[in-house]
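The values are calculated or read from the model by the stated rules, or taken from the named source; none is laboratory data. Computed from a prediction, not measured in an experiment: that's the story for all the values here. Using ideal geometry, Cβ is built from the backbone for each residue, glycine included, and neighbour counts are taken over all protein chains shown.
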Amino acid sequence: MIEILSALASLAVSLLVGMAVCAPFLRNHASDCSYGYFLSLSFGVGIGVLSQLQLAWTVLNLHGQWRWSLDLVSAGIAAALFLRHRDWALPRTRPGSAGRSTMPAMHKLAYGWAVAVFAASMFLVLRQGYALPYGTADAVTNWYPKARFLFFSEAGQWLNLFYRDLPHWMHADYPLLLPLSLVRGWSYMGDVNYIYPIVLHAASLFATLGLLYFTLDRLHGPLVAAMGLTFFAAMPAVYYFISLQYADSFFLYSITAAATLIALAVSGAGGAPSCLPLLGLACGFAAWTKNEGWLLLVSVCGAFALAWLFRRRTIGELARLATGAVAGAAVPLAYKVLYAPANDIVNASTISDLFSLSRLASRVTALLSKAPATLFDLQLWYITPVALLIIVLLGVNKFVPRLVANAELVLTLLILVAGYFAALLLIPKDYDYEWFLRFSLHRILFQMFPAMILLAMLLGFGRTQERARPA
């Protein structure tokens with residue numbers, strides 16, 4: 001019981017710190033947000049901030065047994081900010097919800113269904129987590145060894161984590177958001193335990209579900225929101241991948257956060273420019289989660305740069321986005337420059353392999369042949385891909401204007417897919433390419449599915465404002 005309470009306390013501190021960071025940016029656009037979305041976004045931001053502070057603690061060689069005090073101080077500062085600036089608080093009801101007692105019966109059923117889906121998802125992810133308490137593969141060979149080493153090492157020993165001759169499967173170059181987040185939670189009890197990682201990954205999924213649901217609820221109402229939530233939560237692969245305890249679960253959250261901020265706060269409900277720093281911050285924390293996070297950062301900044309070229313965005317908006325990106329990516333960049341060795345997959349030798357046209361052609365063929373089968377793998381994704389395709393086709397008569405209205409999100413996902421495609425062509429020739437490709441494609445789809453669901457709903461259904469507009 002004490003282990004569970006300490007895990008919940010660590011998550012509560014993450015949430016509080018994230019709220020203190022997010023509230024100043026969202027306070028002027030409370031009509032575009034609900035408390036559910038605010039809390040879901042705050043969770044990931046708090047995880048990112050506190051993990052970076054833990055790195056600073058480690059670099060300064062401060063006493064490891066006092067790590068928990070950093071959380072205590074951070075929570076105190078966050079609470080003081082809220083007490084001092086009460087105007088940061090978001091409204092307790094979203095627009096149009098004042099008459100909840102008189103809402104249509106179908107909307108009441110949709111809200112009830114959503115609550116049931118949230119509850120069932122948490123039960124499934126916790127049950128799956130306890131069935132595989134230590135994760136597998138990368139969690140066993142990468143994330144947990146790093147976290148344990150950081151937790152138990154004496155001052156200065158943490159530098160051995162970046163030894164260049166470590167086996168390539170340990171990925172010494174990978175960012176440390178997940179290992180340092182594990183260290184944070186373990187510091188509450190003063191020892192390693194398996195309860196906290198399970199709860200941490202389950203909370204990450206819960207926040208991801210919240211981002212998707214509350215965004216759709218704001219843009220399309222409770223019926224579409226419940227539909228999108230169900231499409232994601234019903235996929236068996238979601239709980240399988242979360243139970244692996246990879247950093248993919250946090251990268252899943254990062255992509256979803258970026259997609260929802262684009263759809264809700266930027267290109268959709270009001271074009272709120274003050275939310276752009278949060279978008280950049282989310283992308284920076286993605287780079288602190290996995291190397292693929294740099295691709296997300298490039299995708300979002302590239303999409304907005306293209307939007308600026310077509311005069312959809314202003315130079316001031318680009319500056320706000322860049323400010324947030326710099327704030328979030330500064331620590332990952334310093335980590336890459338000062339400590340992390342070269343990536344074991346994307347490096348000079350693998351890039352030179354691309355000059356072999358026969359090898360390149362065979363890899364392109366293999367990639368194109370496996371992608372459709374992976375996308376429509378019903379054992380892992382159930383009916384979701386087919387349902388999303390049908391939903392997009394339902395809105396074919398307004399497809400082009402909706403595509404234009406969501407250009408930033410569309411461009412972000414297209415650049416992200418193109419970047420993944422290029423990265424998969426760079427796999428070293430000594431890898432088992434067939435196995436690597438098969439497993440990587442499934443993980444990539446897992447990371448992108450909430451954003452794909454969001455985009456499908458945006459293209460297939462009219463927004464609340466669109467439906468209310470006179471003919």
How many residues, within segment 408-451, are small (G, A, S), in contact (Cβ under 8 Å) with a residue 24 or more places away in the chain and surrounded by fewer than 18 Cβ atoms within 10 Å (Cβ to Cβ)?
-> 1
Among residues of segment 173-214 being within 12 Å of the chain's Cα centre (by Cα) and among the polar types (S, T, N, Q), the residue surrounded by the fewest Cβ atoms within 10 Å (Cβ to Cβ) is S204
Hey, does segment 184-207 have a residue that's assigned to a helix (DSSP H, G or I) and in contact with a Lys or Arg (Cβ under 8 Å, 6 or more places away or on another chain)?
-> yes
Would you tally the residues in segment 1-20 being within 30 Å of R320 (Cα to Cα), among the small types (G, A, S) and either in contact with a Pro (Cβ under 9 Å, 6 or more places away or on another chain) or crowded, with 21+ Cβ neighbours inside 10 Å (or both)?
-> 3
V73 meets each of (1) at pLDDT below 85; (2) exposed (fewer than 12 other Cβ atoms within 10 Å of the Cβ); (3) assigned to a helix (DSSP H, G or I) with one exception, condition (1)
List the pairs whose first member sits in segment 137-161 and is surrounded by 13 or more Cβ atoms within 10 Å (Cβ to Cβ), whose second member is of a type in the set (D, E), and whose Cβ atoms are under 9 Å apart, counting only residues at least 6 apart or on separate chains?
-> D138/D248; F151/D191
Evaluate the following for F304: is it touching a residue at least 24 places away in the same chain (Cβ under 8 Å), touching a Ser or Thr at 6+ places or on another chain (Cβ under 7 Å), among the aromatic types (F, W, Y) and assigned to a helix (DSSP H, G or I)?
-> no
Of all residues in segment 213-248, count the ones that are among the hydrophobic types (A, V, I, L, M, F, W, C), farther than 27 Å from L182 by Cα and assigned to a helix (DSSP H, G or I).
-> 10
Is it true that I453 is within 19 Å of the chain's Cα centre (by Cα), among the hydrophobic types (A, V, I, L, M, F, W, C) and at pLDDT 80 or above?
-> yes
Using the structure shown, decide if A23 is within 28 Å of F151 (Cβ to Cβ) and either buried (at least 19 other Cβ atoms within 10 Å of the Cβ) or hydrophobic (A, V, I, L, M, F, W, C) (or both).
-> no
Which residues, counting only those in segment 248-262, are small (G, A, S) and surrounded by fewer than 24 Cβ atoms within 10 Å (Cβ to Cβ)?
-> none
Can you tell me which residue in segment 343-374 is modelled with the highest pLDDT, limited to those that are surrounded by 13 or more Cβ atoms within 10 Å (Cβ to Cβ) and under 30 Å from Q52 (Cβ atoms)?
-> N343
